[in-house]
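Working notes, beginning with the structure itself.
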Amino acid sequence: MNLRPDLAVIARHVAPGSRVLDVGCGEGELMAVLQADKGCDARGMEIDPAAVARCVARGLSVVQGDADRDLADYPDGAFDYAILSQTLQTAARPDRMLDDLLRIGRRAFVSFPNFAYWRMRLGLLVGGRMPVTRHLPVSWYETQNIHHVTVEDFRDLLREMGVTVEQFWFFTGDSEIGGIKANWRAEHAVFQLSR
């Protein structure tokens, strides 16, 4: 199965046989790969009932839930990894969601679109409107994004919270790029975190 670049890098770095919670799991693409290729005990949480139904139909263990409130129900240290892919920017309080991820998982993977990506900046500068891109494919009034996070904003938040960055990856399109000037050059980012 072809995974999005952020999900593929996460899948490569999850240890075989791990207990994994995929928050905002969508239709379960990452969970299916982790179970089939890594022998992981992968569980999911998804807010969209149609996506939950598709996951369950595929034999995946997914509950319908809102991560903004329902992560609080999970016990400390219940998972080896808690994963939040392309969902942080939709959280009411991203800082609290990160706290919960790192409370219930020994490690966390977080991926998000970088709103400081140069094409987004240029689109706003030249067009005077919020850009629509491949990773942000809907107009401003349709988007679920309520926080516009950049790579540097996220790094600042992690420093304030005392979170350890174990690894990071940056992508433009489907290609991984180096970390130099990632705030400008990266379309989206992935961070592996711990406390």
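Bear in mind that the values in this text are calculations on the coordinates, not laboratory data. Just so we're clear, the structure is a prediction, and the values are computed from it rather than from any experiment. Using ideal geometry, Cβ is built from the backbone for each residue, glycine included, and neighbour counts are taken over all protein chains shown.
Most tightly packed first, judged by the mean number of other beta-carbon atoms within 10 Å of their residues, the peptides 106-114, 153-161 read 106-114, 153-161. Here the calculated FRET efficiency for M161 and K38, from their Cβ-Cβ distance with R0 = 35 Å, stands at 0.75, rounded to the nearest 0.05. A Förster distance of 45 Å, applied to the separation of the beta-carbon atoms of E152 and R54, puts the FRET efficiency at 0.80.
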